[in-house]
Amino acid sequence: MENSSRQSLVAQSWVARTFASIVDHPWVCWSALVLLIALAIGGYYRPTWPQDLWRGLKPLAIEKEDANQKANERRQTPAMNVERNSLGRAQAFLVVSSKQFFSRDGAAAIRDIVDTLEQQDTIASIQWLDQAPPLNIFGLSEPILPRGQASPQRFALAKEKALKHPLVVGMFMSKDANTLLIGINFNWIFVDEDADCTTHVIDVAKKTLAKHPGVEMSFEMTGGVPIRIALLENQASNEFTFQLIGYGMILAMAIILFRGFIVVLVVATAPALGVFLSLGFLRYFGWEDNPFSQVILPVLLSLVGFADGVHMMVYIRQCLSEGQLPKVACRNALATVGVACSLTTITTSIGMGSLGFSRSAVVREFAYSCVLGSSTILIAVLLVIPLACCTGLGRRLAKGADRGIVDRYLQHIGEPVMAVVRYSRYVAYFAIFLLAVLAMMTFQLRPDDRQSNALPSGSEAQRALAGLDSTMGGLEVGSIKLNWSEEGADPRTIATVIDAVDKLLDQEPLLAHPLSLCKLLAALPGEESAVDKMPMAELLPPPLKLALYDPDNRQAVVNFRVKDLGTAKYKPTFERVEAGLKKIEQEHEGFTCKMEGGPIFRWRNLFKIVSDLAMSLGTASIEILIVMGIAFRSLKLGLIAIIPNMVPLAAAGTFMAIFGWPLDIVSVCSFTICLGIAVDDTIHFLSRYREEQQHQPDRKLALQQAFQGVGTGMIMTTIVLVAGFSSVLISETRDHRVFGILGIITLISALVCDLFLLPSLLAHFDRAPKAKTE
């Protein structure tokens with residue numbers, strides 16, 4: 001009966017006939033594989049060859065015209081607007097820790113280190129505390145650190161003055177005077193390698209320090225450039241390691257489950273080739289440097305391809321065990337499992353591709369890479385496995401088909417599954433209730449983002465961030481930009497507004513070291529208030545004055561430091577500050593106050609990004625529902641399938657809520673991707689269930705036969721997928737570990753739902769109308 005149903009399906013469905021015809025034209029398929037491999041190799045070695053070929057084919061006149069047009073565009077493009085160096089901001093920071101800065105030897109050492117760094121070709125400029133202007137009404141030049149053979153008393157007095165200097169404390173030095181922050185901007189013309197921006201700076205500092213025996217100092221690098229380099233180095237080191245571990249675990253689990261090396265070799269070849277092709281194709285689009293694509297994408301694609309390959313191989317072995325010839329078995333597998341795999345690829349691409357609507361460029365590139373990779377994996381599975389099975393290897397695949405671990409215990413697993421079906425009504429409503437409860441828990445999650453989460457645990461950049469949080473009030477700088485109209489240009493009024501902003505920021509304990517024009521004026525000698533000292537602003541050095549107060553452009557800036565505590569922690573603070581700024585605008589007509597800076601940008605956009613991703617998750621769910629409804633020609637089946645695929649996501653969300661994990665970009669990406677993967681087993685089960693329904697009117701028997709047909713593949717693919725996701729749990733990066741943990745929870749929950757909830761839902765809700773039954 002089962003064999004005839006497969007043959008009838010091939011005869012009835014033109015889609016099935018199309019897929020089955022792959023084995024009828026082997027040379028065409030082999031030629032296609034060779035062409036794809038050649039294209040991938042071109043992507044690895046020279047991804048620009050299509051553009052180079054096009055330029056070689058273009059007529060000379062057109063090439064000259066394009067060159068003239070580009071030259072005109074360059075001439076018409078205005079020069080880059082070089083802005084003044086903002087206080088507290090630089091491309092990198094050298095964090096120096098010592099208790100000897102305000103001593104004769106310590107001051108000489110740190111000054112020698114700075115002078116040596118300034119002589120390096122790779123360094124364009126340096127900002128440090130000795131450049132801070134003196135706070136005296138005469139503008140006399142007086143360095144923060146005394147020079148020469150100054151006495152200990154003079155160093156003690158200099159330290160006391162420095163601790164009262166609003167520009168020094170918080171911007172260049174900690175409150176305890178034991179940490180200095182040296183801002184570094186690089187001359188990129190002379191930067192040849194990443195080490196020039198990290199280890200080279202520290203090596204120069206250590207070599208210079210060695211000239212000053214008796215002085216103890218420690219050095220760490222942090223800031224935008226070092227953090228970016230740390231991320232890239234971590235990705236490069238993890239790329240090969242986790243791929244090797246992931247593939248090794250997949251291969252080991254497959255050998256244990258299949259109990260046959262030839263079977264594993266055939267099944268593993270398809271995803272391995274698919275990953276090779278996908279990574280080569282990515283280079284044509286410049287997506288190979290994406291942080292997710294380097295570590296997660298190869299393992300993810302191999303898991304998806306291996307899952308489809310397992311389903312196809314299980315079906316082929318069942319056909320071979322029934323006495324079918326290898327070619328007939330492959331035709332039937334392509335006509336049934338091949339169609340189901342194509343449908344799973346569509347749903348997986350929808351789930352992954354929905355991330356393409358994100359505001360984050362990294363997430364968008366990852367989404368496009370996943371869609372391209374999943375499509376390539378499908379082509380590899382549909383071509384490699386059937387073609388390999390049609391060779392001499394096909395006759396050896398049926399050996400040991402009944403000796404697999406899952407096959408031997410499938411009947412024992414099926415007994416509790418069918419026992420649950422007897423209470424389908426209660427189980428069905430319990431599934432709906434469970435989804436509602438887990439969804440309520442998931443809705444308690446709140447968006448958050450921390451810069452240190454993307455860094456390897458214990459790395460120098462992460463340690464420096466944590467240290468600056470405690471000593472300097474944070475590394476990142478936020479700003480409040482004040483603008484005023486011509487009517488509000490009275491200097492005293494301007495000072496009053498700046499002072500109001502200072503008082504607003506002083507009330508927030510999480511905002512450290514506010515720096516403004518009024519702060520500097522208040523530190524000048526005299527008993528008057530900062531507002532009364534406004535005429536003394538002309539005595540400040542012009543660069544410093546213009547960095548905080550620019551009357552010609554009618555703007556002023558108030559800077560403050562922000563710790564790496566997470567966006568959720570700062571959300572109430574920023575909301576209070578924003579409300580206070582609106583109140584100041586209302587009290588002083590003609591003034592506008594706007595919050596700016598990296599922390600402010602993430603606070604405003606993180607919620608939008610996460611909301612967009614959550615919306616894409618909902619959109620993907622609806623699209624998958626529509627696709628499944630069209631594929632199975634039943635909206636009812638599409639609605640039924642939503643419940644067992646939403647419960648795993650809600651379970652993972654509940655896990656996050658219980659353990660206090662935030663909802664960040666990584667977790668939402670994991671949800672969306674796991675939705676596309678988890679729905680695969682549901683599609684295979686529904687496809688087999690509809691096939692059995694054509695010849696078995698009893699729903700429970702049809703469910704039992706469907707489980708016997710695809711249960712082995714479902715369990716084996718989940719085991720292999722979980723093993724693959726487990727490979728990233730040893731990563732040093734928190735984001736990778738979160739992705740792996742959520743993936744494991746989602747996949748295990750999806751298997752439980754597909755085995756116990758989906759059959760009960762089908763048994764209770766998928767009932768034929770009474771008249772049709774009669």
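The values are calculated or read from the model by the stated rules, or taken from the named source; none is laboratory data. Owing to the predicted nature of the structure, the values given are computational and were not obtained by experimental measurement. Here the Cβ is made from the backbone with ideal geometry for all residues, glycine too, and neighbour counts use every protein chain on show. Keep in mind that these areas ignore ligands, DNA and RNA; they rest on the heavy atoms of the full protein, side chains included. Shrake-Rupley method; radii C 1.70, N 1.55, O 1.52, S 1.80 Å.
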Going through segment 450-468 in order, the residues found to be out of contact with any Pro (no Cβ under 7 Å at 6 or more places or on another chain), open to solvent by less than 20 Å² (accessible area, probe 1.4 Å), aliphatic (A, V, I, L, M) and closer than 25 Å to LEU729 by Cβ are LEU455, LEU465
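Go through segment 694-705 and count every residue that is assigned to a helix (DSSP H, G or I) and either β-branched (Val, Ile, Thr) or open to solvent by 60 Å² or more (accessible area, probe 1.4 Å) (or both).
Result for segment 694-705: 5.
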Answer yes or no: is there a residue in segment 369-386 that is open to solvent by 20 Å² or more (accessible area, probe 1.4 Å) and outside any helix (DSSP H, G or I). no
Here are some residues: ALA641, ALA620, ALA650. Which one is surrounded by 20 or more Cβ atoms within 10 Å (Cβ to Cβ), of a type in the set (Gly, Ala, Ser), closer than 30 Å to THR345 by Cβ and modelled with pLDDT under 80? ALA620
In this structure, is ALA205 under 36 Å from the mean Cα position of the chain (by Cα), within 19 Å of SER103 (Cβ to Cβ), touching a residue at least 40 places away in the same chain (Cβ under 8 Å) and not in a loop (DSSP other than H, G, I, E, B)? yes
Those residues of segment 490-505 which are of a type outside the set (Ser, Thr, Tyr), surrounded by fewer than 20 Cβ atoms within 10 Å (Cβ to Cβ) and over 14 Å from GLU578 (Cα atoms), in sequence order: ASP490, PRO491, ARG492
Can you tell me which of VAL417, VAL381, VAL437, VAL406 is modelled with pLDDT of 85 or more and closer than 30 Å to ALA763 by Cβ? VAL437
The lone exception for MET615 - which of (1) crowded, with 18+ Cβ neighbours inside 10 Å; (2) at pLDDT below 75 it fails: (1)
State all residues of segment 100-135 that are open to solvent by 50 Å² or more (accessible area, probe 1.4 Å) and in a helix (DSSP H, G or I); if no residue qualifies, say none. ARG104, ASP105, ASP115, GLU118, GLN131
Segment 363-378 residues that are without any contact (Cβ under 8 Å) to a residue 60 or more places away in the chain, paired with ones that are open to solvent by 10 Å² or more (accessible area, probe 1.4 Å) (beta carbon under 6 Å, 6 or more apart): ARG364/GLY356; ALA367/GLY353; ALA367/GLY356; VAL371/SER349; VAL371/GLY353
Could you check VAL558 against (1) in a helix (DSSP H, G or I); (2) crowded, with 18+ Cβ neighbours inside 10 Å; (3) β-branched (Val, Ile, Thr) and say which number it fails? (1)
Give the residue, chosen from SER726, SER749, that is surrounded by fewer than 19 Cβ atoms within 10 Å (Cβ to Cβ) and among the hydroxyl-bearing types (Ser, Thr, Tyr). SER726
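What do you reckon, is ALA530 within 23 Å of GLU160 (Cα to Cα), assigned to a strand (DSSP E or B) and of a type in the set (Gly, Ala, Ser)? Break it down stepwise before answering.
Working: within 23 Å of GLU160 (Cα to Cα): yes; assigned to a strand (DSSP E or B): no; of a type in the set (Gly, Ala, Ser): yes.
When the stated conditions are applied, ALA530 does not pass them.
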Answer from GLU487, GLU538 - the residue that is part of a helix (DSSP H, G or I), modelled with pLDDT under 80 and in contact with a Gly (Cβ under 6 Å, 6 or more places away or on another chain): GLU487
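When you scan segment 719-774 for helices (runs of 4 or more DSSP H) that lie fully inside it, which ones turn up with 1 or more residues that are more than 30 Å from GLU415 (Cβ to Cβ) and modelled with pLDDT under 80? Give the derivation first.
Details: elements: 734-752, 758-765, 770-773.
In segment 719-774, 734-752, 770-773 are the helices (runs of 4 or more DSSP H) which contain 1 or more residues that are more than 30 Å from GLU415 (Cβ to Cβ) and modelled with pLDDT under 80.
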Within segment 1-40, track down each residue that is open to solvent by 70 Å² or more (accessible area, probe 1.4 Å) and either of a type in the set (D, E, K, R) or modelled with pLDDT of 60 or more (or both). TRP14, ARG17, THR18, HIS25, TRP27, VAL28, TRP30, SER31, VAL34, LEU35
I'm checking my understanding of the structure. Among residues of segment 415-449 that are open to solvent by 40 Å² or more (accessible area, probe 1.4 Å) and not in a helix (DSSP H, G or I), which one is nearest to ASP564 (Cα to Cα)? ASP449
